[in-house]
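Since the structure comes first, as structure tokens, the remarks are kept for the end.
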Amino acid sequence: MDAALDALHDALPDLRLLTEASELAHYGRDWTRRWTPAPRAIALPASVDEVVGIVRWARGQGVALVPSGGRTGLSGGAVAAHGELVVSLERMNKVRGFDPVDRLLTVQAGIPLQMAQEAARTHGLQYPVDFAARGSCTIGGNIATNAGGIRVLRYGNTREWIAGLTVVTGDGEVLRLNNGLVKNSSGYDLRHLLIGAEGTLGIVVEAMLKLTAPPPPTQVMLLALPDFDAVLAAFSTLREGLRLEAFEFFTALALKHVLAHGGQRPFDDDHAFYAVVEYANEDEADEVAALSLFEQGLDNGWALDGVIAASQAQAAQLWRLREGITESLASHTPYKNDVALRISALPAFLQEAERLISDEYPQFEVVWFGHIGDGNLHINVLKPADLPQADFVRDCERVTKLLADVLERHGGSISAEHGIGLVKKPYLLGTRSAEEVAVMQGIKRVLDPDGILNPGKLFD
Ligand code: FAD
Ligand code: MLT
Ligand code: ZN
């Protein structure tokens, strides 16, 4: 152990610390796999007091801290590559309480999303933020990235579901924010500053999650579609006639990769685009409406084929075709774009972006998918096996700069839901003005005066 770690041990003798090489490698990276992990050690605090002690020690020693959840992040936010102390919340993973009157579930920040969802269900309610990493990602990480997912068009992002937060700031203060109140017009809502801050302003240690009524019975439909215009036409038509819970699209190439990892081929023919649609299906009228809209799609040419799940198992199978994409692409070390636009700006943006991508990446496989109902597209560029990672990233960064310019012209954002982290840092100024970034930096100086919290992430 180094002298700084000795001092940490002296200050917090019960704090669990990991220093084995395999542990440093495991906790020092996220899903980006681009940076070589090199943290100094891993701290696994078990209480708020231990988190406070770690922050005070870090200030005294000038050691950087990297808050860490499930490390499923896709922007490098949880990467520790420069001798930082990783602060993993994984031992702080309990449900602390439930209030049926307020419909609030209080959890420690290291609880996996799926455990929070299950806890909500045991009380006959739901926590509706949801996506494929649910088993590994944590509520703390979801808050720090303002995670979105597959149900945003019905329920909104993580931000909508946080009624209270306890955080330890970079100067070691414990802030208890908003206390579960529905209304609280008493000055700046600091809770919302912490949501989406990517661990640069404070370490989230506890959260009060709003719960809501369970979803209605639903049905899942998979559509085959000829092109992007058809995806948009299907979305606006189905949104008018059904209560949509989710509307997700993916391309033929995405399906090819998912099927290569297992999974059931949905149609005999190949199609350019697919959409998984989940909608409320409470009575016969809903069923009739869905069928008639689908037939309308066939007549109007936006739908080429479709399947409606005949059972829960088939619904899960159809969802796997969409939810399995990230995993199926992982071995290709994809360069991930996660862009957001107003839905009304999508058609014009898509025209330009599709041209740019096909002109600039003629040699790479590019997989499009995402949450079209939220204006959120995932454009994944796959690395050819024989191309060195550094050359691949250099080329992708050149094109991302061009894509960021297109986004700026169409009023979009370079990060919809994955955060800026390290991956999107060079493009932040295309989405946020210099004045805004200066205000963000000023806020950081107040809450993290020594710059010990996740330095180098989001901005320098
Ligand atoms: P980490 O990766 O550990 O950390 C992410 C960021 O949060 C880092 O900056 C870290 O420093 C910070 N952080 C972590 N914990 C804390 C804390 N307690 N206090 C302060 N800061 C903290 N994201 C979506 O939004 N929508 C999706 O649909 C989606 N699907 C995914 C599917 C798969 C298969 C995978 C692998 C990822 C997906 N993601 C998605 C990305 C990722 O799961 C989310 O960003 C998630 O919110 C990260 O949570 P985590 O606990 O893994 O955070
Ligand atoms: C998704 O929508 O599946 C996620 O954001 C993950 C990804 O972009 O790979
Ligand atoms: Zn996504």
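The values are calculated or read from the model by the stated rules, or taken from the named source; none is laboratory data. Please read these numbers as outputs of a predicted model, since none were measured by experiment. Here Cβ is always computed from backbone atoms with ideal geometry, including for glycine, and neighbour counts include all displayed protein chains. These area figures cover heavy atoms from the full protein model, side chains too; ligands, DNA and RNA do not enter into them. Shrake-Rupley method; radii C 1.70, N 1.55, O 1.52, S 1.80 Å.
Can you give me the angle between helix 48-61 and the longest principal axis of the chain, using Cα atoms only, in degrees from 0 to 90, rounded to the nearest 10? Helix 48-61 sits at roughly 70 degrees to that axis. Taking amide H as placed 1.01 Å from N in the peptide plane, G164 has its amide H under 5 Å from the amide H of G180, M208, each at least 5 places away in sequence or on another chain.
Comparing the chain with the 2.2 N^0.38 Å rule of thumb, its C-alpha radius of gyration ratio is 1.00 (two decimals).
A simple spin-label model places the labels of L298 and Q389 4.9 nm from each other, with each point 7 Å out along Cα-to-Cβ. A Förster distance of 45 Å, applied to the separation of the beta-carbon atoms of R243 and A7, puts the FRET efficiency at 0.20. Over segment 168-273, the Kirkwood radius and the radius of gyration, each from Cα atoms, give a ratio Rg/Rh of 1.16.
Summed over the residues of segment 143-289 and divided among them, the accessible surface reaches 41 Å² per residue at a probe radius of 1.4 Å.
Kirkwood analysis of the Cα pair distances in segment 27-109 returns a hydrodynamic radius of 13.9 Å. Here the gap between H26 and N179, fully extended at 0.36 nm per residue and compared with their Cα-Cα distance, gives a gain of 51.6 nm.
Of the solvent-accessible surface of segment 1-158, computed with a 1.4 Å probe and all protein chains present, 46% belongs to carbon and sulfur. The Cα center of segment 304-326 and the Cα center of segment 1-29 differ in position by 44 Å. Summary of packing: across the peptides 291-298, 194-201, the per-residue average of other C-beta atoms within 10 Å ranks them, highest first, as 194-201, 291-298.
Relative to the longest principal axis of the Cα atoms of the chain, the long axis of helix 389-409 lies at roughly 70 degrees. Computed with a 1.4 Å probe over protein heavy atoms only, the accessible area of W319 comes to about 20 Å². Sparsely packed loop sites in segment 156-233 (the trypsin sites (Lys or Arg not before Pro) outside DSSP H, G, I, E and B with at most 16 other Cβ atoms within 10 Å) comprise K183. Note on segment 275-345: with neighbouring protein chains present and a 1.4 Å probe, carbon and sulfur make up 48 percent of its accessible heavy-atom surface. Each of the peptides 401-411, 141-151 was scored by the mean count of other Cβ atoms within 10 Å over its residues; in descending order, highest first, they stand as 141-151, 401-411.
Derived scalar couplings between HN and Hα for segment 359-371 equal 5, 8, 10, x, 9, 10, 7, 10, 10, 9, 6, x, 9 Hz in order, rounded to whole Hz, by the Karplus curve 6.51 cos²θ - 1.76 cosθ + 1.60 (θ = phi - 60°), x for Gly and Pro. Between the helical axis of 312-323 and the longest alpha-carbon principal axis of the chain there is an angle of about 70 degrees.
When the Cα convex hull of segment 320-428 is projected onto planes of every orientation, the mean area is 6.7 nm². Peptides 71-84, 445-458 ordered by packing proxy, namely the average of other Cβ atoms within 10 Å per residue, highest first: 71-84, 445-458. For the chain, relative contact order (Cα pairs under 8 Å, six or more residues apart, normalised by length) works out to 16 percent. Across segment 1-74, the fraction of Cα-Cα pairs farther apart than 16 Å, rounded to a whole number, is 50%.
In terms of its C-alpha gyration tensor, segment 255-351 comes out oblate, because a/c is 1.5 or above while a/b does not outweigh b/c. A 1.4 Å probe run over the protein chains yields, for segment 1-115, 44 Å² of accessible area per residue, whole-number rounding.
I'd like the FRET efficiency for R409 and D359, computed as 1/(1 + (r/R0)^6) with the beta carbon distance as r and R0 of 22 Å, rounded to 0.05. It comes to 0.85.
Less than 5 angstrom separates the built amide H of G70 from those of T138, G141, all sequence-distant by 5 or more or on a different chain.
For segment 172-184, backbone phi angles converted through the Karplus equation (6.51, -1.76, 1.60; θ = phi - 60°) give residue-by-residue couplings of x, 7, 9, 10, 10, 10, 6, 6, x, 6, 7, 10, 6 Hz, Gly and Pro being listed as x. Taking each residue as 0.36 nm, the span from R33 to T122 lengthens on full extension beyond its C-alpha to C-alpha distance by 28.4 nm. For the chain, the 222 nm mean residue ellipticity estimated from helices alone, with every DSSP H stretch of n ≥ 4 adding -39500 (n - 2.57) and the total spread over all residues, rounds to -11000 deg cm²/dmol. Classification of segment 29-163 by its C-alpha gyration tensor yields an oblate form. The axis ratio a/c (a ≥ b ≥ c) is 1.5 or more, and b/c is at least a/b. Simple point charges give the picture: +1 on the Cβ of Lys and Arg, -1 on the Cβ of Asp and Glu, and for the chain a dipole about the Cα centre of about 1100 debye. Between the amide H of A272 and those of L225, distances stay under 5 Å, these residues lying 5 or more places away or on another chain, with hydrogens modeled in the peptide plane. Computed 3J(HN,Hα) for segment 234-241, one whole-Hz value per residue from the Karplus formula 6.51 cos²θ - 1.76 cosθ + 1.60 where θ = phi - 60°, is 4, 4, 5, 5, 5, 5, 5, x, glycine and proline marked x. If you plug the beta carbon distance of H192 and D49 into 1/(1 + (r/R0)^6) with R0 = 25 Å, you get a FRET efficiency near 0.45.
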